[in-house]
Every structure is written in C-alpha cells, then in structure tokens.
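A short worksheet on the structure shown next.
The values are calculated or read from the model by the stated rules, or taken from the named source; none is laboratory data. These numbers come from a predicted model, not from an experiment. Note that we place each Cβ from the backbone using ideal geometry, even for glycine, and neighbour counts take in every protein chain shown. Just the protein is used for accessible areas: all its heavy atoms, side chains included, with ligands, DNA and RNA removed. Shrake-Rupley method; radii C 1.70, N 1.55, O 1.52, S 1.80 Å.
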Amino acid sequence: MSVEQAAPSDFAGARSRAAARRSYVLAAIALAVYVADVLLGKAGVVFKFTPPVRLGEVGEFLVVLVAMVFFVTGLLAEAGTPSKQSAATEEES
C-alpha cells in the first residue's frame, strides 16, 4: 500500500475519531456537571444548608440534553469512521 492510497482515508478517519473523542469528552463533562448538581442538592437536603449554586429543573434538563446531543454526535462520528478491521477486510478481497 502506497502513501497516496492510505493518506486521504487515514486523515479523514483520524479527523472523525478526533471529533468522536471530543464529543464524548464534552458529553462526559456535561454529565459530570449534572451529577455534581444533583449531589450538591442532595447534600443540601441531608445537611440542611442552601447550596450556593443550583441549576434548577430547567437547567438540569438542558445539561442532560446537551450531554445526550454530544454523545449521539460522537456515536454518529464514530459510525462514519472506517475501522481498521473493515479496511483490512476490503484490501484482502
């Protein structure tokens, strides 16, 4: 396999994998914000204090929505990436 044949698909695959990874990281961050908000609210109830910052119901919904959007975006970006195994199978046939 020469460099000319491998270069376009490898670069496109690397970009898609990087986009998928970035989407997964952003989804994890949004989910961590949601979990931290819920735990802070629960701690406020248990220890009887008012948390300094709360997202509220709408804010929690929006954070979870953002997490889902980034996760699905990552799945779609990853699905569009040709895997090394499928590329090897295509070369053999």
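Brief remarks on what is shown
- The stretch 10-27 - residue that is aliphatic (A, V, I, L, M) and open to solvent by less than 60 Å² (accessible area, probe 1.4 Å) and, of those, modelled with the highest pLDDT: Ala27
- In the stretch 25-53, the residues that are in a helix (DSSP H, G or I) form Cβ pairs under 7 Å with partners that are loosely packed, with under 12 Cβ neighbours inside 10 Å, at six or more places apart or across chains, as follows: Gly44/Thr50.
- Failed condition for Val64, given (1) part of a helix (DSSP H, G or I); (2) at pLDDT below 95: (2)
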